[in-house]
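Scroll down for the structure; my scribbles are underneath it.
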Amino acid sequence: MEKISDEDEEVEVLEFRIGNNYYGIFTSFVKEIVPVPVVTSLPNCDPRVEGIFMLRDKVYSVVNLPYILTGSTHRSDDNKDINKPLSVISTERFIIVRVFHMNITFHVEEVSKMKFVKKSEIESPDAAIKNAGNGVQIGIIHDDDRLVILLDFEKIIKDIVV
């Protein structure tokens, strides 16, 4: 795979987990991270939209990121028992991002960390990887013993809205 840039400029990335995979978003898009509140489902809604919730008197849409990435709403065994009290399901979070002048929320199983990465260390995905995920993967970061897939949140939102 070829590198995105040879520059030594660093960017900050928020790493999170869905299932057994780790993903990333540039922190410049992240507005805040909150514990998962009660989500209200919408009738006859696009399956990519999980529902809506209210936070500080504002209504936010929740994007079903596991569905977009895998075609399934499956979550890991630790987080799928809906009868557990919310305090037990403590790793799940909502990442609220600011994209196209909208605040959109993404449901993730766990936020692992924020880290600085040199642009030159972000590898461009090859054509097979890009095509497999509808072009939402924009980079791959080597983080210790795992790979972190950097996602294009603007494309994810554009595909839902348009």
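What number of residues within the stretch 25-70 satisfy the criterion of being at pLDDT below 90, farther than 18 Å from V161 by Cα and among the basic types (K, R)?
0
Where the second residue is exposed (fewer than 11 other Cβ atoms within 10 Å of the Cβ) and not basic (K, R) and the first is under 12 Å from V36 (Cβ atoms) and in contact (Cβ under 8 Å) with a residue 12 or more places away in the chain and lies in the stretch 48-62, which pairs have Cβ atoms under 9 Å and are six or more apart or on separate chains?
E50/S41; G51/S41; F53/V38; F53/V59
For the stretch 124-162, how many residues are surrounded by fewer than 15 Cβ atoms within 10 Å (Cβ to Cβ), at pLDDT 80 or above and of a type in the set (G, A, S)?
Qualifying residue count, the stretch 124-162: 0.
Among the residues of the stretch 98-123, count how many are surrounded by 14 or more Cβ atoms within 10 Å (Cβ to Cβ) and either of a type in the set (G, A, S) or in a loop (DSSP other than H, G, I, E, B) (or both).
4
The values are calculated or read from the model by the stated rules, or taken from the named source; none is laboratory data. As the structure is a computational prediction, the values presented were derived from the model and not from experiment. Because the Cβ atoms are built from the backbone with ideal geometry, glycine has one as well, and the counts that use them run over all protein chains shown.
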